Amino acid sequence: MSEILLSQLAHVELFSPKPEETVAWLKDIFGLEETTREGQSVYLRGWAEWLHSSLIVTEAKESGVGRIGWRTYGAEDPETIAKRLQDSEEHVGWVDDWTGHGRTYQYRSAFGRHLHEVFWDVDLYEAPEDKKDHAVPNRPQKIPTNGGSAVRYLDHVTMPSANMKGDIEFYKKLGARHTAATEVEPGFSVFSTLTCNGIRSTHDIALVPDFSGVTGRAHHIAFRVDQRVDVERMAEIAVSHGTPIELGPGVHGIDEITYLYLREPGGFRMEVNSGGWVNSMPDWEPKTYQAAGGNPGQSIYRNVAMPESFYEAWPLPPKEAAEKEQEAVNSEQLADFFQQKPQGV
Ligand SMILES: [Fe+2]
């Protein structure tokens, strides 16, 4: 019997040491819309998202990611997931009500220890009458007129894990499919993509290795735009408004998505992407890319070097852990990976 437990990545909570600047940037540059403010949190959503919110910006001492929320495929599924995890170290517990969704079961991933939550009942965004799109009723509101690059919906979250294989097996227990990996040498994976079995995106989770020993860290959050050209437009908007580009625009070999990586004012890495191949095969065997020779997983053209800053994840590790991480990044196995020369150079 087949089983579908999760329908979509519904929200991610972003911690920011500069919440006002972060929210202003997400609204001005990304085009996210504010739904509500409560306590230390601001709830935002992409213009075409039906759910109450997809990004929750919460004030914190350091950048990072908090709650990672999944809507289930049916009303009984949070209970099914809770039963599967309740006697394990991953079990956290139930929350009766949250802003934007109803009864919620929380758990942590096995090795990365990231905090996830699953729920069925959701609050939908209700546009005011003058914002409703009567011409295109499958949209919750009219398309914004202030720039076609405004992000449409939350796409994925990428997280470090000290045991990528272990976490892949953990996510598979809840129905995720492991779709692809990049290795720097056989058996040494530096990137993996997974998608939940509802299948909305090329991947909704990605994992990168953690060398610091610190758990619960995050690497980036990605939002989707409609067209590949919108990614390029976002890059132009970013540079003209003083936001430096960390990497891109380019095309990943893995999933074939057009990508752009920026840092928001709190320092966290945000991705905008478009295009790509949505893999709907339930019995898919993950494909492996070898990083040597220009890292085709990272760049389909093999002509782009990965900046060394790209190993940074948040919260930044304390001194000793940061030294341990830097040592790993400088190791022979990874030295070429982070400043990899394009093929033939
Ligand atoms: Fe990504």
>> Here is a check on your reading of the model: is Asp230 in contact (Cβ under 8 Å) with a residue 40 or more places away in the chain, within 25 Å of Ser16 (Cβ to Cβ) and either part of a loop (DSSP other than H, G, I, E, B) or among the charged types (D, E, K, R) (or both)?
In response: yes
> Across the stretch 280-336, what is the number of residues that are more than 21 Å from Tyr261 (Cα to Cα), in a loop (DSSP other than H, G, I, E, B) and basic (Lys, Arg)?
Replying inline: 0
> If we keep just the residues of the stretch 193-209 that are at pLDDT 95 or above and part of a loop (DSSP other than H, G, I, E, B), which is farthest from the ligand (Cβ to nearest atom)?
Replying inline: Asp204
> If you go through the stretch 263-295 one residue at a time, how many are without any contact (Cβ under 8 Å) to a residue 60 or more places away in the chain and within 16 Å of the ligand (Cβ to nearest atom)?
Replying inline: 4
> List, please: which pairs have Cβ atoms under 8 Å, are six or more places apart or on different chains, and start with a residue in the stretch 64-79 that is under 14 Å from Gln106 (Cβ atoms) and at pLDDT 95 or above and end with one that is surrounded by fewer than 23 Cβ atoms within 10 Å (Cβ to Cβ) and of a type in the set (Lys, Arg)?
Replying inline: Pro78/Arg103
> Only one of (1) farther than 28 Å from Glu169 by Cα; (2) touching a Gly at 6+ places or on another chain (Cβ under 8 Å) is not met by Gly112, so which one is it?
Replying inline: (1)
> Quick one: Ser212 ticks every box in (1) buried (at least 20 other Cβ atoms within 10 Å of the Cβ); (2) within 16 Å of the ligand (Cβ to nearest atom); (3) part of a loop (DSSP other than H, G, I, E, B); (4) not β-branched (Val, Ile, Thr) bar one, so which box is it?
Replying inline: (2)
> Restricting attention to the stretch 304-323, does a residue exist that is touching a helix residue (DSSP H, G or I) at 6+ places or on another chain (Cβ under 9 Å) and of a type in the set (Ser, Thr, Tyr)?
Replying inline: yes
>> Tell me the residue from Ile221, Ile205, Ile199 that is out of contact with any Gly (no Cβ under 9 Å at 6 or more places or on another chain), in contact (Cβ under 8 Å) with a residue 40 or more places away in the chain and within 21 Å of Pro144 (Cβ to Cβ), please.
In response: Ile221
> Can Arg228 be described as of a type in the set (D, E, K, R) and either surrounded by 19 or more Cβ atoms within 10 Å (Cβ to Cβ) or touching a helix residue (DSSP H, G or I) at 6+ places or on another chain (Cβ under 9 Å) (or both)?
Replying inline: no
> So which residues in the stretch 252-262 are within 11 Å of the ligand (Cβ to nearest atom), in contact (Cβ under 8 Å) with a residue 40 or more places away in the chain and not acidic (Asp, Glu)?
Replying inline: His252, Ile254, Ile257, Tyr261
> Can you tell me which residues in the stretch 219-255 are among the hydrophobic types (A, V, I, L, M, F, W, C) and touching a Ser or Thr at 6+ places or on another chain (Cβ under 7 Å)?
Replying inline: Val225, Val231, Met234, Ile237, Val251, Ile254
> What tally of residues in the stretch 24-51 results from selecting those that are more than 19 Å from Val225 (Cα to Cα) and of a type outside the set (Gly, Ala, Ser)?
Replying inline: 7
> Could you count how many residues in the stretch 250-293 are basic (Lys, Arg) and more than 23 Å from Tyr153 (Cβ to Cβ)?
Replying inline: 1
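The values are calculated or read from the model by the stated rules, or taken from the named source; none is laboratory data. Keep in mind it's a predicted model, so treat the numbers as computed, not measured. All Cβ positions, even for glycine, are placed from backbone atoms using ideal geometry, and neighbour counts span all protein chains on display.
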